[in-house]
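Worksheet: the structure to be examined is printed underneath.
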Ligand code: KDG
């Protein structure tokens, strides 16, 4: 009997039966075992996967999420965490959620532009001056508007965590002025805004999944990559990258995603537990990430990385050089949305 029929048989019949027995409706997901108990919280196993390591603030955030969910559900909702792309990279895990084969992942928003293009507005270089501005936009109407576009793609967005401000590392030379990007082979996330922006600077960008980056740097398939300091330290990029340039060129959010197939089975009580835990653990993760990025700068110095600052004048030259790319994508992502975001940022900056 064809596997999908067999799998279909097994997976749908049993929960259906259980539900019939218990009279509370709704089939089980492919992965979450569920047995019926009173009071709206069922025994469930929730698989949560990320691309970064357990020791990274995102990994620590996911541990905090597990702790809160299991505490609030009296141990009935069991969260199994998978780190370091054990379940695949951001795009693979996001597809697994759409198919109901995994319950949770927390990817960067950049690789999600293929699903909801509006996430691309967060990939505009030098958009946010600091984390406070990022929080205001992400936790405000604009952040919510974009998360609300996820359900039609089989995903539920419970909020934003922080990947952070990205900095360039490479094996060739310090990057202190715009011309230093010329000809550098740079790995980027799977995101056309990043690709086109680096091309506009004369670099030679290559999109690649995160788990392939270290080997690509070590084998010199690429000269460089860009990530927040905590990630450069956690994934030991300093072992294969002598130069670190503090470009702070893009702030990358994480989106906390749940499989809609799974979410639709949950009781309101279970949904509230997951929603509250994602927000509480998110606050914890952001704070931890900001502290870790400070510490990582010192740690990377201690690892003998040759670190250079990039002046605001050079950042302004870089921003001017990529502006045509940003204007082009603003049209694609929606000029009204981009205007609303820039107006919010102007308003925040005028309050100073
Ligand atoms: O868990 C998130 C990572 O998979 C990834 O998003 C990290 O910033 C990242 C990158 O460069 O891919």
If one takes the longest principal axis of the Cα atoms in the chain, at what angle in degrees, from 0 to 90 and to the nearest 10, does the Cα axis of helix 57-72 lie?
20 degrees
The chain: angle of helix 3-22 to the longest principal axis, Cα-based, in degrees nearest 10:
60 degrees
For the range 247-352, what's the radius of gyration and Dmax over Cα atoms, in angstrom?
19.8, 54
Proxy exposure order for 208, 189 (fewest C-beta within 10 Å first) is 208, 189
If you take the alpha carbon radius of gyration of the range 163-261 and divide it by 2.2 N^0.38 Å, what ratio comes out, to two decimals?
1.07
In the Gaussian network model of the chain, springs joining C-alpha atoms below 10 Å, which of 259, 108, 211 carries the largest mean-square fluctuation?
211
Compute the convex hull volume of the Cα atoms of the range 55-95, divide it by the residue count, and report the result per residue in Å³ as a whole number.
75 Å³
Can you tell me what share of the DSSP beta bridges in the chain is antiparallel? A percent to the nearest 5 is fine.
55 percent
Volume per residue, Å³, of the convex hull around the alpha-carbon atoms of the chain?
141 Å³
So what's the back-of-envelope 222 nm ellipticity for the chain, counting only DSSP H runs of four-plus at -39500 (n - 2.57) apiece and dividing by all residues, rounded to 500?
-14500 deg cm²/dmol
Got a sec? How would 139, 268, 180 order by Cβ neighbour count within 10 Å, fewest to most?
268, 139, 180
Using alpha carbon centers only, the range 239-261 is separated from the range 72-99 by a whole-angstrom value of 19 Å
Relative to the longest principal axis of the chain, what angle (0 to 90°, nearest 10) does the C-alpha long axis of helix 268-302 take?
30 degrees
Sort 272-279, 294-301 by packing, meaning the average of other beta carbons within 10 Å per residue, with the highest value first.
272-279, 294-301
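We did not get these values from a lab; they are worked out from the coordinates using the rules stated. These numbers come from a predicted model, not from an experiment. Please note: Cβ atoms are built from the backbone with ideal geometry, for glycine as well, and neighbour counts cover all protein chains shown.
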